[in-house]
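Written out below as structure tokens is the structure these notes cover.
Only the coordinates and a few stated rules stand behind these numbers; no lab work does. Given the structure is predicted, the values throughout are model-derived calculations rather than measurements. Note that each Cβ is placed from the backbone with ideal geometry, even for glycine, and that neighbours are counted across all protein chains shown.
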């Protein structure tokens, strides 16, 4: 499907579920940015960058992967989908290699596309297997973590297949597991689902396929609790192990995180 900047959509089912508004009051939204992954090859460089900045030092949360750049074996577009693949291998010839025994990819829109408010929808099929940790998330573009805030649209770990998490992290939640919720999606590793947020000045609401399961409200107490009046950029990655991913079963590799589309809507 091609991206049409002037296209408007009602998004009624998701918006009603997420906002709690009566259907006639659900606002109309306009598609402002999308990647439909309709051109085979490496990810579109006008939309995505390869994030490799912590390879040498090691990634956060005790994660075990090396994020490769410009490598189709770890991220490619094929048959209308972005496929992020994690593999059991060591790229010891790369100058930023930090001793990792697994490769994967982390794609970001930082510096290319950032948004304040809107509805974000990512349709994806997730990998399973112990040690897998795919994520669809956002980070503040104008301040470092945690002051810029973090919106985890979707996190899933293979040791508990089917449990999908949506979480907020801010300065006020630092030192905790964040403010989040969970929904059960039995076939998340065998079928595609729409992972969504609606982000307004008042709240950020999380849903899968239009079914809301968590809402984080703006308490009006300041930036420590609500840094979300500033732009955020999007990240797609497949981490291995770490604090959330846990023990890794080497028999699972290679594993694939498949993304059918990424769409961002804002109020008309």
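Rg and Dmax in Å for region 35-267, alpha carbons only: what are they?
16.7, 51
For the chain, modelled as a GNM with alpha-carbon contacts under 10 angstrom, which of 112, 182, 211 fluctuates the most?
112
Quote the relative contact order of region 35-267 in percent (integer), defining contacts as alpha-carbon pairs under 8 Å separated by 6+ residues. Could you put the intermediate results ahead of the total?
Working: 622 pairs, mean separation 65.5, N = 233.
Across region 35-267, relative contact order equals 28 percent.
Nearest 5 percent is fine: what portion of the DSSP beta bridges confined to region 35-267 is antiparallel? Spell out each step's value before the answer.
Details: 69 of 72 bridges.
Roughly 95 percent of the DSSP beta bridges within region 35-267 come out antiparallel.
Taking the highest mean first, how do the peptides 212-222, 70-80 order by number of other beta carbon atoms within 10 angstrom per residue?
On the way: 212-222: 14.8, 70-80: 16.6.
So the peptides 212-222, 70-80, ranked by packing, come out 70-80, 212-222.
Which value at 222 nm does the chain reach when only helices count, each DSSP H run of 4 or more adding -39,500 (n - 2.57), with the total divided by all residues and rounded to the nearest 500 deg cm²/dmol? Provide the component values of the computation, followed by the final result.
On the way: 2 runs with 12 residues, N = 268.
For the chain, the value works out to -1000 deg cm²/dmol.
Could you work out the relative contact order of region 176-268, using alpha carbon pairs under 8 angstrom and six or more residues apart, expressed as a whole percent? It would help to have the intermediate numbers written out before the result.
Values: 64 pairs, mean separation 14.7, N = 93.
Computed over region 176-268, the figure is 16 percent.
Would you give the gap between the C-alpha center of region 62-114 and the C-alpha center of region 165-237, rounded to a whole Å?
Computed from Cα coordinates, the inter-centre distance equals 24 Å.
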